[in-house]
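What follows is one structure encoded as structure tokens, with my remarks underneath.
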Amino acid sequence: QENITLYNSLFKLRQTDKKQRASNQVALSVHHPDKEHGLHILAVRLDENEANPLLALYIADPELSFNLPPEALQNLYGMTPAEANVAIALANGASAQQISERHQVSIETVRSQLKSIYSKMNVNRQQDVVRLLLSGVLRAK
């Protein structure tokens, strides 16, 4: 059934008549036999070529960690290696206490690193750090 849904969604996205398309993108979740959560698929129509439109499929596994090279944050924001690792841990859902335990440092050290991260990223909250990291150009692999 999922295969049919995916096929039909892609077929509709390729329709040449704009009136037959609801939008230029469609999002689906597809079951994976080895995973608790489905894979997320975003299909996007890239052009308005009437004869043979180009589509891009973005596939994400919500169970995978956000693997960002710490060097990228060091270069972009001037973070120290420790700060970059704290920011990445935040993006992966870790709390300050969990980061403290994983990195074997005090919670005060993590809080100090967070303040420095906020300053370097020009934000005020952990949510803002996560939003910037997950929505930025760094997501592309």
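The values are calculated or read from the model by the stated rules, or taken from the named source; none is laboratory data. Because the structure is a prediction, the values reported are computed rather than measured. Here the Cβ is made from the backbone with ideal geometry for all residues, glycine too, and neighbour counts use every protein chain on show. Surface accessibility is based on the protein's heavy atoms, side chains included, excluding ligands, DNA and RNA. Shrake-Rupley method; radii C 1.70, N 1.55, O 1.52, S 1.80 Å.
For the reader, a short list of remarks on this structure follows.
- For the stretch 63-82, filtered to residues that are out of contact with any Leu (no Cβ under 8 Å at 6 or more places or on another chain) and in a loop (DSSP other than H, G, I, E, B), the residue that is farthest from LEU10 (Cα to Cα) is THR80.
- Check on TYR77, within 18 Å of SER135 (Cα to Cα) and surrounded by fewer than 16 Cβ atoms within 10 Å (Cβ to Cβ): no
- So ASN24, is it open to solvent by 50 Å² or more (accessible area, probe 1.4 Å), in contact with a helix residue (DSSP H, G or I) (Cβ under 8 Å, 6 or more places away or on another chain) and farther than 24 Å from GLN126 by Cβ: yes
- Subset of the stretch 86-118 that is of a type outside the set (Ser, Thr, Tyr) and not in a helix (DSSP H, G or I) - its residue that is most open to solvent (accessible area, probe 1.4 Å): GLN104
- Which numbered condition ASN52 misses (of (1) open to solvent by 70 Å² or more (accessible area, probe 1.4 Å); (2) part of a helix (DSSP H, G or I)): (2)
- Within the stretch 119-130, considering residues that are assigned to a helix (DSSP H, G or I) and under 26 Å from PRO62 (Cα atoms), the one most open to solvent (accessible area, probe 1.4 Å): GLN127
- Total residues in the stretch 131-140, condition out of contact with any Pro (no Cβ under 9 Å at 6 or more places or on another chain) and surrounded by 15 or more Cβ atoms within 10 Å (Cβ to Cβ): 2
- ALA60 among the hydrophobic types (A, V, I, L, M, F, W, C) and either surrounded by fewer than 12 Cβ atoms within 10 Å (Cβ to Cβ) or at pLDDT below 95 (or both): yes
- Near pairs, Cβ below 6 angstrom, 6+ apart or cross-chain, from the stretch 51-65 (free of Cβ contacts under 8 Å to residues at least 24 places away in the same chain) to any residue that is of a type in the set (Gly, Ala, Ser): LEU57/ALA43
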